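Asks: So that we are looking at the same thing, I have put the structure below in structure tokens.
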Number of protein chains: 2
Amino acid sequence: MSDSSEFPTEHLVPPEAVPYGAVPLLVDARGAPRPSAAEEARTLVSRSVVGALATVSDDGSPWASLAMYGLLPDGTPVLCLSTLAEHGRNLHREPRASLLVAAPESGRDPLACGRVTLAGRAERPRGERLEAARAAHASASPLASAYQRFGDFSLWTLEIERVRWVGGYGRMDWTDAESYRRAEPDPIAEHAARAAAHLNEDHADALLAIGRVLGGCPDAVAATCEGLDRYGLDLRLETSRGIATSRVGFDRRVVDAPGLRDATVALARAARAGLG
Amino acid sequence: MSDSSEFPTEHLVPPEAVPYGAVPLLVDARGAPRPSAAEEARTLVSRSVVGALATVSDDGSPWASLAMYGLLPDGTPVLCLSTLAEHGRNLHREPRASLLVAAPESGRDPLACGRVTLAGRAERPRGERLEAARAAHASASPLASAYQRFGDFSLWTLEIERVRWVGGYGRMDWTDAESYRRAEPDPIAEHAARAAAHLNEDHADALLAIGRVLGGCPDAVAATCEGLDRYGLDLRLETSRGIATSRVGFDRRVVDAPGLRDATVALARAARAGLG
């Protein structure tokens, strides 16, 4: 989808160099594993039930509207839209659509939040797929099934053709529909925020040891966990060289909350053994 | 924009009647004033700096993406977009766009939140308008002005042509660009949530008196303030007939936080005088 002949392919950095604050050092220790773009996208989409739907209005202009969605087991969004609403009428005329799902804002920069655009074609499901779509949409909200019973509402699946994931600064990628559908949402996503807060409140020393020994920053003097997922931790480290962000991988793939605790304890032990 | 020949013009209610829960009684006491759709839209848009932008991709399909915006004094959004991003390239080719701004979700129903779609045409501002646009965008975030200095980013104003506001169930309207631009954002919007919480925590008796005497529900046994604005209060009342929502207007147009307190006290006094 690039117009490669017309536009630059890299950021055109202003001549006065670093545009704001200190740019963190990026330290990915020993090729620490990260979720793929498809996994990030599946996880983010699975954590919400509301997105912004882009459709095409009758004059060809693009129309952004709020829409609730459920998810089929393969991550395909299911929408239930009224023809009283512009987006509902638009899809009957032009089935191409895209759905933006954004993670809640965090921190001072509104553009640092994760988001995904799922672009494709809306279809009216039939037969078994209709039943699956009904169930998926109903699971989005206790009130969802009520909409399905109004005669002016129709169920739609958004048959995904391309996926754009943006994780914040410098973390973004395209992925294809098949990779998206095959990827698993992060099994510990619902525990991640609480686990990170717990680590920061009660285990700052362990995080610092992890950052020094496993995170590639032996000169770190303070460490904060900024996020975690099935594959590892994201650390923010204060070092003599400035602020660094480091990725430290778990020694296993975590599948549940007890496993997350075990994997984090194992990291702390390994770090302390390395210090000792 | 309606396709009136094809689609129903009212909700097609299922035959099994009320689809969920008890539908609240709606009691608007004595034609109590409410903000206009234009005022609701201006207020909602002024309370955020991030929206979902719908643009048209090179194959004609609609593209939803996250965008930060600032506001000119008349509520015109200012965007700063990179041509490295699909939305930035799209606008250079097809300037028609719309921006969805949603209030934070509240309560159990994701579709009950307020939202606005501003639809129009993106333009590259020039001269004095460019300077105003720079300042407006820079005010959106401490990091905003940094983006303006990258050569791949361009400033755009979204020249609004039509405005759709949805306030939740049964509260929605179109408004035109001129009404939107002329309307004032609610001057007490930033205080409203805290003021409502304070009323609910410390002045439940006063709210109940207001609901009974001024809110059209003499049989109310409990009252909660669900929202307030420059023109009045929204109350949720438990009555012998069921749950009612009632609008009670202030005796003045409130312009600041002290005025809000005075107007609320005046309502409580009037209600107690009516009870006595």
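Coordinate-derived values only; no laboratory data. Computed from a predicted model, the values in this text were never measured in an experiment. So basically every Cβ, Gly included, is an ideal-geometry build from the backbone, and we count neighbours across all protein chains shown.
Asks: Can you give the three extents of the C-alpha atoms in the stretch A:194-260 along their principal axes, from longest to shortest, in whole Å?
Replies: 36, 22, 15
Asks: If the elastic network links every pair of Cα atoms under 10 Å, which of A:I160, A:I243, A:I188 fluctuates the most in the Gaussian network model of chain A?
Replies: A:I243
Asks: Also, I was wondering about something else. How big is the stretch B:43-116 by Rg and Dmax over its Cα atoms, in Å?
Replies: Final numbers for Rg and Dmax: 13.5, 41 Å.
Asks: Put the label 7 Å from Cα along Cα→Cβ for A:D173; what are its distances to the other copies, in nanometres, shortest first?
Replies: When each copy's label point is compared with this one, the spacings are 4.9 nm.
Asks: Right, next: Averaged over B:114-122, how many beta carbons belonging to a partner chain fall within 10 Å of each residue's beta carbon?
Replies: Details: counts 1, 5, 2, 7, 1, 7, 1, 1, 0.
Mean partner-chain Cβ count within 10 Å for B:114-122: 3.
Asks: For A:A266 and A:I243, compute 0.36 nm times the residue count separating them, minus their Cα-Cα distance, and round to one decimal in nm.
Replies: 5.8 nm
Asks: Using just the alpha carbons, could you tell me how many Å³ per residue the convex hull of the stretch B:148-192 encloses? Present the calculation step by step, with values, prior to reporting the outcome.
Replies: Details: hull volume 6.9 nm³, N = 45.
Enclosed volume per residue, from the Cα hull, is 154 Å³.
Asks: When you count, for each residue, the other Cβ atoms within 10 Å and take the mean per peptide, how do B:190-198, A:139-147 rank with the highest first? Write out the running numbers ahead of the final one.
Replies: Numbers: B:190-198: 14.7, A:139-147: 18.1.
Per-residue Cβ counts within 10 Å, averaged per peptide and sorted highest first, yield A:139-147, B:190-198.
Asks: Where the Cα atoms of chain B are projected onto their three principal axes, how long is each span, largest first, in whole Å?
Replies: 69, 50, 29
Asks: Work out the FRET efficiency for B:R126 and B:W174 from their Cβ-Cβ distance, taking R0 = 41 Å, and round it to the nearest 0.05.
Replies: On the way: r = 30 Å, r/R0 = 0.74.
Efficiency for this residue pair is about 0.85.
Asks: Taking only Cα atoms, what is the 0 to 90° angle, nearest 10, from helix B:257-275's long axis to the longest principal axis of chain B?
Replies: 30
Asks: Relative to the other copies, what are the label-point distances for B:R129, with labels 7 Å from Cα along the C-beta vector, expressed in nm at one decimal and sorted shortest first?
Replies: 4.5
Asks: Could you work out the helix-only [θ] at 222 nm for the protein assembly as shown, with each DSSP H run of four or more residues adding -39,500 (n - 2.57) and the total divided by the number of residues, to the nearest 500 deg cm²/dmol?
Replies: Theoretical 222 nm ellipticity from helices: -9000 deg cm²/dmol.
Asks: Additional query: Starting from the Kirkwood radius over alpha-carbon pairs of the stretch A:71-111, derive D by Stokes-Einstein at 4 °C in a medium of 1.567 mPa s and give it in µm² s⁻¹. Write down the numbers at each step before the final one.
Replies: Values: Rh = 12.9 Å.
The Stokes-Einstein estimate is 100 µm²/s.
Asks: Give me the inter-chain shielding for A:149-157: mean count of other chain Cβ atoms within 10 Å, whole number please.
Replies: Numbers: counts 7, 6, 7, 7, 3, 0, 0, 0, 0.
Across A:149-157, the average partner-chain Cβ count within 10 Å equals 3.
Asks: How far, in degrees from 0 to 90, does helix A:37-46 lean away from the longest principal axis of the Cα atoms of chain A, to the nearest 10?
Replies: The answer is roughly 60 degrees.
Asks: Equivalent-ellipsoid semi-axes (√(5λ), Cα gyration tensor) for the stretch A:105-181, whole Å, largest first? Display every interim value, and only then the final one.
Replies: Working: eigenvalues 182, 62, 18 Å².
Semi-axes from the Cα gyration tensor: 30, 18, 9 Å.
Asks: Direction-averaged shadow area of the convex hull around the Cα atoms of the stretch A:158-276, nm²?
Replies: Details: hull surface 33.5 nm².
So the mean shadow area of the Cα hull is 8.4 nm².
Asks: So what's the angle, to the nearest 10 degrees on a 0 to 90 scale, between helix A:204-213 and the longest Cα principal axis of chain A?
Replies: Roughly 80 degrees between the two axes.
Asks: Name the residue, out of A:G216, A:G249, A:G75, whose mean-square fluctuation peaks in a Gaussian network model built on chain A with Cα pairs under 10 Å.
Replies: Maximum fluctuation in the GNM of chain A, among the listed residues, is at A:G216.
Asks: Would you mind computing the Rg to Rh ratio of the protein assembly as shown from its alpha-carbon coordinates, Kirkwood style for Rh? Show your work: numbers first, answer last.
Replies: Numbers: Rg = 25.6 Å, Rh = 25.7 Å.
So for the protein assembly as shown, dividing Rg by the Kirkwood Rh gives 0.99.
Asks: Something else: Measuring from a point 7 Å out along Cα→Cβ, what nm distances, shortest first, does A:V221 have to its partners in the other copies?
Replies: Reported distances to equivalent positions: 6.3 nm.
Asks: To continue, here is another question. What is the Å³ per residue value for the convex hull set by the Cα atoms of the stretch B:64-194?
Replies: Details: hull volume 17.4 nm³, N = 131.
Per residue, the Cα convex hull of the stretch B:64-194 comes to 133 Å³.
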